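Please read the structure below before turning to the comments.
The values are calculated or read from the model by the stated rules, or taken from the named source; none is laboratory data. In this text, all values refer to a predicted model and were calculated from it rather than measured experimentally. When we count neighbours, we look across all protein chains shown, and the Cβ atoms used for this are built from the backbone with ideal geometry, even at glycine. These area figures cover heavy atoms from the full protein model, side chains too; ligands, DNA and RNA do not enter into them. Shrake-Rupley method; radii C 1.70, N 1.55, O 1.52, S 1.80 Å.
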Amino acid sequence: MENQQNTAHRATKEKKKHTGERNPKAFAFANPGRLAKSAARSHDIKEKRLHVPQIDRIPEEPPPRLVTIVGPPGVGKTTLLKSLVKRYAKETLSEPQGPITVVTSKKQRLTFVECPNELEAMVDMSKVADIVLLMIDGNFGFEMETMEFLNILASSGMPGNVFGILTHLDLFRKPQTLKDAKKRLKNRFWSELYQGAHLFYLSGVINGRYPDREIHNLSRFISVMKNPRPLVWRNSHPYTVIDSFRDVTHPTKIEEDSKCDRTIVLSGYLRGTNFAAQGQRVHIPGLGDFSISAMESLPDPCPTPYMDQVVAKATGKTGRKRLDEREKKLHAPMSDKSGLKIDGDTIYITREKGFNFDADGSDDERGEGEELIVNLQGERKLLGETEEGIRLFGGGSTIKALPEEENTGRKQQRSARFVEREPESDDEDLVDDEGFVSGDEAQSDEQTEITDAKLGKAFRKPNDKADEDVAFADSDSDLGSLSGDELDDEEDSDDEDASSGEDGAVRWKTNMLETAKKLHNQKRSYRTGDLAKLMYDEALTPTEVLARWKGEVEEAEEEDIEDSDDETFFKKSGREKEEEHYEDRSIPKLDYEALETKWSIDENLEILRRRFATADLLHGKPSKHDGSDDEHDEDDEDDEEENEDDEGDGVFEDLENPQEDKPDDIEAEREKNARRKEELKLRFEEEDREGFNNDKANARREGGVDAEEFGEDDWYDAQKAQIQKQLDINKAEFDALDENQRVSVEGFRAGMYAKIVIENVASEFVTRFNPRMPIIVGGLSATEDRFGFVQVRIKRHRWHKKILKTNDPLIFSMGWRRFQTMPVYSISDSRTRNRMLKYTPEHMHCFGTFYGPLIAPNSGFSCYQSFSSKNPGFRIAATGTVLNVDESTEIVKKLKLTGTPYKIFKNTAFIKDMFTTSLEIAKFEGASIKTVSGVRGQIKRALSKPEGHFRATFEDKILISDIVFLRAWYPIKPHRFYNPVTNLIGWEGMRLTGEVRRDQNIPTPQQKNSLYKPVERAARHFNPLRVPRALAAELPYKSQIVQNKKQSKETYMQKRAVVLGGEEKKARDLMQKIMTVRNEKVAKRRAAKEAKRVVYRKKVAENEEMRGEREKKEKQEYWRKEGKKRRADPSEGGGGKRRK
């Protein structure tokens, strides 16, 4: 035991010290598969939120959101409109018509439009509606109009905000029935739109309106909604919804011809993109295509408090800071607002309690219309007439009597007065608006009275008193702004004296007489605004523009308002005529010595040089030619080629001193090209300082090496930042322009309230005008004004009863237009040709080609056979999208030509009755033909003698009874038929042939070849089988043909005859009589039993029907109870194996 030696223990492992690094094993995922699924799901959710960055065209002052109230008749649309207007504007409209605009918050307005129960109006409103209030009768359920409008929205572009509103819920007596109806309608509404669509409930009507709490909840929800993603069509087209209409045709033209073309004025808020300033082509659905003859922006009739504050800040007037009851505005020109309704040139004033013409007797507030009629009829006096006399101007003297003179009145045409200037003035130029490019922009809102005293010294008569106080207009556009170095001291003194009161007085009103005298004698300064204004004047030529801008031509001489030799509008002084030859008056006086000193510095010259497109940006890089003239001294051909591409590439060419040197080697040419590319690159980087178009940004867009520098979110933000940068650049450039110039360049922006004048409108539009029908003016692009063949992918709607037939007239709603055309349906045949279809497929898309206005591909459309409400079924016939547009089509129709052989050789046959001339045969030489039995062949040559016969070869010998087929394709061209739907002036579309015959009681003609006839087939007689004797002798015994010879003598059975005897004949006769009597009794007995069986069978059938109904009810009751049990027990799940 003592000598025993144990083996040594193994050394213990040393524990690693914790270094603070993350242990990957401690943070491993327990279920990698579930991790991958959750990561994929989160990534999908993230991707769904990302869209292609779209340009935000919403202006700073957006147009009102268009809220459309849609529903079948009798569902409560007008009641809801009255309730919402009362909620927002605190005014009651007894008969709301047309668009109604209300202010809802500090920066938001809403325009409510009640969509009438006309399919044309529903189609038009689906293209412009921002918010849709879909009204549903809760007691009745979904009606056909509701489903039609939802499908129209899906085809034209579903807006982001569609809400359902259930009405007539007070007709439910039991709460449980109401709850079940709400649940059923909500599920049906969700299946039509999307899961989670908002559905509001309006219980009943109280005092002609819905309950205030329910309307308050609905209005709160509408007001706080965000702007959804704009639709592509609305984001690329200008449009407006008209809220007022006037006929401005001259009355004499209407008197001469009551059906003459009218000139109308349409007003409304502009939406979408910008309207062109001139020559904008528009389409009015239901009226046709027009060109806008004149367009003008009007003051906003329903401004938001935010814009009021902006205007107040600009004009110096204080504005209110909150939207209280007094500032809640309502703009409803076609409705009876406050008892006043304007319908064209007619004004209706209504009041339920009658009128009280005592202006001081009534204490309650009057409406606008009542106040107007009281003021008109209260006093029967002339305009300006008072008890003492007539006062023409407020604050002026009263004229009691006119002096009686013999020579009263003007004897000659009125002429302009001369402007007499002071002799000591240094310069006699006209006053110009220095601070405003356009004088019209700075006009005051309130027109002040104009007197001789307010016109100032320039237009005063020589005998007027000069010591009278001079009053000037309330805007600085009449005097010019305070600018110039000589007026700096004057401005500083004005700043100290001016006061910022609530009346909006500004500093220029102090010392106005001295300021006007100084500004009156100033020389006209150089301004770009004048040149831009003249450039956009189409009445002037470029030469006249330059002459007028330089001051070489006086405006009074050009305009020549009064054709009189003795008087002109302006007179030049002698001193100005002398200075006219000395110096251009539009060029300011400059200190040329200071300019010479400034531009003698190299640094300033370098800054100026880099602003030119032909600057050499490679200063420090040496080159063989060093930008000299030798770089362009090449052959004439090379000069012509380079001059086309070298525009602005940084190289100069001295045309006065041409040289004959040419580059001797290729290296010099390469170096020159490399130098040009580097210059262009430097210039491009100089322009793109933000880095949106540099190499890294381009590589990121193209997916190059540096594409992974940013993550996905960073890339998305970079794209949006690039779009926002361009928008900021555009906004900064346009803000620097005058309003008239901006309209000329940019057009009429969205958000403006504009007046559109359209000429040559049919008189029926005025006579049949209905304010309830919406009027939309949609702008057209240049492409949409052209016509051609449009190919679409179309599918018959599953709820439409009839299939569609080729060349039957169909109404398309595509873009702004609604028109009738004749489509040709086709399908792709093995991707080789478009084969025409006579009818549309049952449950499948097909191609459709028709003649109409061109439109952008991928635009949705819907089709209708008729807009009439007499059709009880679903009126949307088909929907689809545009594939492409072209001027030509390639649609073919299958054509089978038949012929019969009349002479057959081994593999060759002569065919007749397929063609009529040898020319037709020559076109089909080499074509494949086929017989009924399947033998294939080919057409060879035409025969000389029988015209129309040809020789053909086959792969086998054919029979004389075979029929030969030739399959050919015949090109089909759609009809060039385009009939716009002009329902606003009366329209009747093309009818089907069957409809015309039915309306006019014309019988259907029967074609002889189209009648069904009994098929008469002749019996075929086949020859008997004849076997040669030699072959029959060699046949085996079983296969031998046995033929019996005819017997020459008759047999015993043929020869014998049966003759009845006397007793046997009597017995047979008796038995025959007995059997006849018996058969008659049996027939009567059978008929009686059959009558009893009919009654029995009827009774059995009734019992069977009653039992079936009882079993059906029991089955439904059982499964209803069983379903409740299963829904109540969530622990039970289906799909598992049943335990044994």
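Is it fair to say Gly788 is in contact with a His (Cβ under 6 Å, 6 or more places away or on another chain), open to solvent by less than 10 Å² (accessible area, probe 1.4 Å) and in a strand (DSSP E or B)? The answer is no for Gly788.
If you scan the stretch 181-211, which residues turn out to be more than 19 Å from Leu171 (Cα to Cα) and either part of a helix (DSSP H, G or I) or not assigned by the TED database to the domain that holds Thr167 (or both)?
Initial filter on the stretch 181-211 (more than 19 Å from Leu171 (Cα to Cα)): 187-198.
Once the filter is applied, which keeps residues that are more than 19 Å from Leu171 (Cα to Cα) and either part of a helix (DSSP H, G or I) or not assigned by the TED database to the domain that holds Thr167 (or both), the stretch 181-211 yields Asn187, Arg188, Phe189, Trp190, Ser191, Glu192.
Number of residues in the stretch 921-935 that are of a type outside the set (Val, Ile, Thr) and surrounded by 15 or more Cβ atoms within 10 Å (Cβ to Cβ): the value is 3. Restricted to the stretch 16-65, and to residues there that are in contact with a helix residue (DSSP H, G or I) (Cβ under 8 Å, 6 or more places away or on another chain) and touching a residue at least 60 places away in the same chain (Cβ under 8 Å), the residue that is surrounded by the fewest Cβ atoms within 10 Å (Cβ to Cβ) is Leu50.
Selection over the stretch 89-98 of residues that are open to solvent by 10 Å² or more (accessible area, probe 1.4 Å) and in contact (Cβ under 8 Å) with a residue 60 or more places away in the chain gives a count of 6.
Quick one: which of Arg835, Arg831, Arg796 is more than 30 Å from Leu298 (Cα to Cα), surrounded by fewer than 14 Cβ atoms within 10 Å (Cβ to Cβ) and not aliphatic (A, V, I, L, M)? Exactly one residue qualifies, and that residue is Arg831.
Does Phe245 satisfy the criteria of being touching a strand residue (DSSP E or B) at 6+ places or on another chain (Cβ under 7 Å), among the aromatic types (Phe, Trp, Tyr) and either more than 30 Å from Glu759 (Cα to Cα) or touching a residue at least 40 places away in the same chain (Cβ under 8 Å) (or both)? Yes: the conditions hold for Phe245.
Tell me yes or no: at least one residue of the stretch 811-825 is outside the structural domain of Gly288 (by the TED database), surrounded by fewer than 21 Cβ atoms within 10 Å (Cβ to Cβ) and over 22 Å from Thr982 (Cα atoms). Within the stretch 811-825, none of the residues are outside the structural domain of Gly288 (by the TED database), surrounded by fewer than 21 Cβ atoms within 10 Å (Cβ to Cβ) and over 22 Å from Thr982 (Cα atoms). From the list Glu143, Glu114, Glu118, the one residue that fits, being among the acidic types (Asp, Glu) and surrounded by 21 or more Cβ atoms within 10 Å (Cβ to Cβ), is Glu114. Val265 falls short of the stated requirement of being among the β-branched types (Val, Ile, Thr) and open to solvent by 60 Å² or more (accessible area, probe 1.4 Å). In the set Ser126, Ser105, Ser83, only one residue is within 24 Å of Arg220 (Cα to Cα), without any contact (Cβ under 8 Å) to a residue 60 or more places away in the chain and assigned by the TED database to the domain that holds Asp180; that residue is Ser126. Restricting the search to strands (runs of 3 or more DSSP E) fully inside the stretch 802-865 and requiring at least 2 residues that are out of contact with any Asp or Glu (no Cβ under 9 Å at 6 or more places or on another chain) and of a type outside the set (A, V, I, L, M, F, W, C) gives 817-821, 824-829, 846-853, 860-864. Among the residues of the stretch 163-206, those identified as under 19 Å from Gly74 (Cβ atoms) and surrounded by fewer than 15 Cβ atoms within 10 Å (Cβ to Cβ) are Asp170, Leu171, Gly204, Ile206. Applying the set (1) surrounded by fewer than 16 Cβ atoms within 10 Å (Cβ to Cβ); (2) more than 26 Å from Met814 (Cβ to Cβ); (3) out of contact with any Leu (no Cβ under 7 Å at 6 or more places or on another chain) to Ser888 leaves exactly one unmet item: (2). Of the numbered criteria (1) open to solvent by 10 Å² or more (accessible area, probe 1.4 Å); (2) over 19 Å from Trp799 (Cα atoms), the one Ser155 fails is (2). Among the residues of the stretch 758-780, the one identified as open to solvent by less than 20 Å² (accessible area, probe 1.4 Å) and more than 24 Å from Gly815 (Cβ to Cβ) is Ser763. Tell me, please, whether a residue that is part of a strand (DSSP E or B), in contact with a Lys or Arg (Cβ under 9 Å, 6 or more places away or on another chain) and modelled with pLDDT of 85 or more can be found in the stretch 80-90. No, that holds for no residue. Within the option set Thr889, Thr908, Thr879, being more than 30 Å from Ser862 (Cα to Cα) and not aliphatic (A, V, I, L, M) holds for one residue only, Thr908.
What are the residues in the stretch 827-866 that are in contact with a helix residue (DSSP H, G or I) (Cβ under 8 Å, 6 or more places away or on another chain) and more than 19 Å from Asn807 (Cβ to Cβ), if any?
Step one: filter the stretch 827-866 for residues in contact with a helix residue (DSSP H, G or I) (Cβ under 8 Å, 6 or more places away or on another chain), giving 853-856, 860-862, 864.
Selection gives Pro853, Leu854, Ile855, Ala856, Gly860, Ser862.
Screening the candidates Gly873, Gly934, Gly899, Gly926 for the property of being in contact (Cβ under 8 Å) with a residue 24 or more places away in the chain and either outside any loop (DSSP other than H, G, I, E, B) or farther than 30 Å from Asp124 by Cβ (or both) yields one hit, Gly899.
Can you name the residue in the stretch 208-227 that is within 26 Å of the chain's Cα centre (by Cα) and among the aliphatic types (A, V, I, L, M) and, of all such residues, is least open to solvent (accessible area, probe 1.4 Å)? Quick ask: steps written out before the conclusion?
Let us first name the residues in the stretch 208-227 that are within 26 Å of the chain's Cα centre (by Cα), namely 222-227.
Okay, now just the ones that are also among the aliphatic types (A, V, I, L, M), so 222, 224-225.
Numbers: Ile222: 0, Val224: 103, Met225: 24 Å².
Step by step, filter the stretch 208-227, then rank; the result is Ile222.
The set of residues in the stretch 735-757 being part of a helix (DSSP H, G or I), open to solvent by 50 Å² or more (accessible area, probe 1.4 Å) and not β-branched (Val, Ile, Thr) consists of Asp735, Glu739, Asn740, Ser744. For Gly354, the conditions (1) surrounded by fewer than 19 Cβ atoms within 10 Å (Cβ to Cβ); (2) at pLDDT 85 or above; (3) in a loop (DSSP other than H, G, I, E, B) all hold with the exception of (2). A single entry from Glu1080, Glu1111, Glu1117, Glu1063 fulfils the requirement of being part of a helix (DSSP H, G or I) and surrounded by fewer than 10 Cβ atoms within 10 Å (Cβ to Cβ): Glu1063.
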